[in-house]
Amino acid sequence: MSRGGPPNVLTVAGSDSGGGAGVQADLKTMLALGVHGMSVITAVTAQNSLGVQGAWELPVEAVRAQYRSVVDDIGVQAVKTGMLSSAPLVEAVAELLAGTDAPVVVDPVGVSKHGDPLLADAALDSVRKRLLPVATVATPNLDEVAQLTGVSVEDEADLRRAAAAVLEYGPRWALVKGGHLAGDAVDLLTDGSEEHWLRAPRHDNRHTHGTGCTLASAVAAGLGKGRTVPEAVREAKEYVTGAIAAGFALGGGIGPVDHGWRFR
């Protein structure tokens, strides 16, 4: 257990060999925000700035063993989930989370920044029925909202309807990310009764690989530090907006956001 050090925050997600998203982005975010990051690897990807060239899921037993190893000895103040590519993995992780007394941020990763599928169609029902009900905050983007709920968001007015559809599956809060809409980057955070609209200027920067992972990890870091959900999300939005503004070219395609922008 933590003995006077920073809060412990755990990511349960896939590895990105290019370092821009996945577990690598999560751990960089956690370091930048002052918490001790720990990881459970669910899959290994061959990935770069151009896309995902291959993905290999780890056995459920390996994922469960990593989780128990960390949680039983070190303990956690918050958990974030990312790429869980199959129904057995989703269900195993949901079961582990249900038995852990810590806030959970679920990033229901469906496709990569380049459009590569990262979640089997057969796993969607498990995400809806098993994973979302244990989430403190679910953070879908608009593609993931459509994939999970069938709700298509065309403009800002649709965000409320999208959030309501996500909340029907049981998370305490839904953070629907409107980054794919035109205009300002607008997100809606709601628990069904109170609403928080988060706006940031849109930066003209194509190097945005890892934004979803980074935002969810930043929210988890805030929750691990004892912030309320609205506080954690506002701080995370501010951090990610700065990281997007500082995103840099890498390789021949889409570069990553800069997780260390505050240090430069």
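Just so you know, all these numbers are worked out from the coordinates, no wet-lab data involved. Note that this is a predicted model, so its numbers are computed, not measured. So basically every Cβ, Gly included, is an ideal-geometry build from the backbone, and we count neighbours across all protein chains shown.
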**OP:** May I ask for the Rg/Rh ratio of the stretch 1-66, computed from Cα atoms with Rh as the Kirkwood radius, given to two decimals?
**Re:** 1.04
Original post:
Among ALA25, ALA182, ALA216, whose mean-square fluctuation peaks in a Gaussian network model of the chain (Cα, cutoff 10 Å)?
Top reply: ALA182
Subject >> Nearby lysines by direct alpha-carbon distance to LYS28 (threshold 25 angstrom, same-chain neighbours under 8 apart not counted) >> reply: LYS80, LYS113, LYS177, LYS225, LYS237
Subject >> Estimated vicinal HN-Hα couplings, Hz - the stretch 149-163 in sequence order (Karplus 6.51, -1.76, 1.60; Gly, Pro = x) >> reply: 10, x, 7, 9, 9, 9, 8, 4, 5, 7, 4, 5, 5, 5, 5
Original post:
Top mean-square fluctuation among PRO88, PRO230, PRO133, Gaussian network model of the chain, C-alpha springs under 10 Å?
Top reply: PRO88
Subject >> Of SER15, SER39, SER193, the one that fluctuates the most in a GNM where the chain has Cα springs shorter than 10 Å >> reply: SER193
Subject >> Options ASN8, VAL71, ALA200, ranked by Cα towards positive dipole end of the chain, top entry (Cβ charges) >> reply: ASN8
**OP:** Would you mind classifying the chain by shape? Square roots of the alpha carbon gyration tensor eigenvalues, ordered a ≥ b ≥ c; an a/c under 1.5 is rounded, otherwise it is prolate if a/b is larger than b/c and oblate if not.
**Re:** rounded
**OP:** Would you mind classifying the stretch 154-264 by shape? Square roots of the alpha carbon gyration tensor eigenvalues, ordered a ≥ b ≥ c; an a/c under 1.5 is rounded, otherwise it is prolate if a/b is larger than b/c and oblate if not.
**Re:** oblate
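Run the helix sum for the chain: -39,500 (n - 2.57) per DSSP H stretch of 4+ residues, divided by residue count, reported at 222 nm to the nearest 500 deg cm²/dmol.
When only DSSP H runs of four or more count, the value is -10000 deg cm²/dmol.
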Original post:
So, in Å, what gap is there between the alpha-carbon centers of the stretch 219-264 and the stretch 143-187?
Top reply: 20 Å
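Tell me which GluC sites (Glu not before Pro) from the stretch 165-260 have a DSSP coil assignment and no more than 16 other beta carbons within 10 Å of their own. Walk me through the numbers before you get to the answer.
Values: sites: GLU168, GLU194, GLU195, GLU231, GLU235, GLU238; in loops: GLU168, GLU194.
In loop regions of the stretch 165-260 (DSSP not H, G, I, E or B), the sparsely surrounded GluC sites (Glu not before Pro) are GLU168, GLU194.
For the chain, what is the relative contact order in percent, using Cα pairs closer than 8 Å and at least 6 residues apart in sequence?
Contact order relative to length: 19 percent.
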